[in-house]
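One structure is given here, and the rest of the page talks about it.
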Amino acid sequence: MRRHAPLDSLPDDARGAAIALGNFDGVHRGHQAVIASARAHSAHLGVALFCPHPRRFFQPDAPPFRLQSDAQRARALATLGVKDLFEIGFDADLAKRSDEDFAREILHQRLCVRHVSVGADYRFGRGRMGDAARLRELGARYGFSVDAVEAVKGDGERYSSTAARAALAAGDMDKAAGILSRPWAIEGVVQRGFQRGRGFGFATANVPLGDYARPRLGIYAVRIIIDGVSLPGVASIGVNPTVGALPEPLLEAHVFDFDAELYGKTIEVEMIAFLRDEAHFADVEALKTQMADDAAKARALLA
């Protein structure tokens, strides 16, 4: 899959795609339906999304909310057959453009799209002035067809990024995985910590959460992907209240039966199941006993 940054010059063979248009944070089952709609119109399948996410532009101080890193999202899109990823720079200039300006200047003149698929509730243009019906009208004017894809539901609930975040906040990893069609995962570079876990017999790979949505704080059974190999483990997401509270929650993943150096390496941690809430223990010995019990439960669950 080719990635086209906002200021890149587009090669001629990137133009003329059938695109899915949106933010696609999580590439969940609802997003997948929109992408499938675009794929039905052409073998040249593209996705156009905004960079940065409009929420981050309009609410720079909003709490972390992302379900995926850009790299994770790109990989998920590639597995769906997307050939070109078009990043649309979201800034003050774009935010003030009308719906017609966007359709004419971005979709028609820059991307030369032949088709656009969006969710049925899609809004675009200054103040969210345009909707799917308006996009269809503008498409007829500028030479592209439009499909508005109805929401996809499971167990009577709409698949959405909001629903996925709510599941994560509740620690319901099965529900989150059902929405996303894969386990929710945190990816990042392993950083050097205080190495307290090593002293307890549970060396951990520490990964900052950054702009990821905050899940329920506690202990999880996980699978850690290192150099393409998936290994079982147990992880904590929290502030370490027993040994010195951290200013921000941190992911600390322990890989079972593994002792190689991971500092500076990018790993991906799939959150398979929530085991228990984060807790404060009376002393380090009580914490070590609980950590051993957590590890045993995670091993059994992942076996």
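Got at least one residue in segment 3-13 being in contact (Cβ under 8 Å) with a residue 40 or more places away in the chain, surrounded by 15 or more Cβ atoms within 10 Å (Cβ to Cβ) and in contact with a Gly (Cβ under 7 Å, 6 or more places away or on another chain)?
Scanning segment 3-13 turns up no residue that is in contact (Cβ under 8 Å) with a residue 40 or more places away in the chain, surrounded by 15 or more Cβ atoms within 10 Å (Cβ to Cβ) and in contact with a Gly (Cβ under 7 Å, 6 or more places away or on another chain).
Which of (1) closer than 22 Å to E187 by Cβ; (2) at pLDDT 95 or above is the odd one out, the single condition D293 does not satisfy?
D293 satisfies all of (1) closer than 22 Å to E187 by Cβ; (2) at pLDDT 95 or above except (1).
Identify the single condition in (1) over 27 Å from H254 (Cβ atoms); (2) among the basic types (K, R); (3) at pLDDT below 95 that R123 does not satisfy, given that it satisfies every other one.
(3)
Go through segment 54-87 and count every residue that is more than 18 Å from the chain's Cα centre (by Cα) and touching a residue at least 60 places away in the same chain (Cβ under 8 Å).
Qualifying residue count for the region: 2.
Between residues in segment 252-264 that are under 15 Å from G188 (Cα atoms) and residues that are loosely packed, with under 14 Cβ neighbours inside 10 Å, which pairs lie under 7 Å by C-beta distance while being six or more apart or on different chains?
Y263/R192
Would you pick out the residues in segment 195-221 that are at pLDDT below 70 and not in a loop (DSSP other than H, G, I, E, B)?
R196, G197, R198, G199 - these are the residues of segment 195-221 that are at pLDDT below 70 and not in a loop (DSSP other than H, G, I, E, B).
Out of (1) more than 20 Å from A163 (Cβ to Cβ); (2) in a strand (DSSP E or B), what's the single condition that is false for S37?
Status for S37: all satisfied but (2).
Within segment 128-147, which residues are of a type outside the set (S, T, N, Q), outside any helix (DSSP H, G or I) and either in contact with a helix residue (DSSP H, G or I) (Cβ under 6 Å, 6 or more places away or on another chain) or surrounded by fewer than 20 Cβ atoms within 10 Å (Cβ to Cβ) (or both)?
Result: M129, G130, D131, G143, V146, D147.
Of the numbered conditions (1) of a type in the set (A, V, I, L, M); (2) at pLDDT 95 or above; (3) out of contact with any His (no Cβ under 9 Å at 6 or more places or on another chain), L85 fails exactly one; give the number of that condition.
Against the list (1) of a type in the set (A, V, I, L, M); (2) at pLDDT 95 or above; (3) out of contact with any His (no Cβ under 9 Å at 6 or more places or on another chain), L85 comes up short only on (3).
Test G22 against the stated conditions and say whether it is under 14 Å from the mean Cα position of the chain (by Cα) and within 22 Å of G143 (Cα to Cα).
Yes.
Can you work out which of the residues in segment 148-188 that are charged (D, E, K, R) and under 21 Å from E270 (Cβ atoms) is surrounded by the most Cβ atoms within 10 Å (Cβ to Cβ)?
Going through the qualifying residues, I end up with R165.
Please go through segment 257-303 and pick out each residue that is under 22 Å from P208 (Cα atoms) and part of a loop (DSSP other than H, G, I, E, B).
F258, D259, A260, E261, L262, Y263, G264, K265, E278, A279, H280
Quick one: how many residues across segment 212-232 are crowded, with 22+ Cβ neighbours inside 10 Å and either under 24 Å from D283 (Cα atoms) or assigned by TED's automatic domain parsing to the domain that holds Q72 (or both)?
The number of residues fulfilling the criteria is 3.
The values are calculated or read from the model by the stated rules, or taken from the named source; none is laboratory data. This is a predicted model, so every value here is computed, not measured. Here the Cβ is made from the backbone with ideal geometry for all residues, glycine too, and neighbour counts use every protein chain on show.
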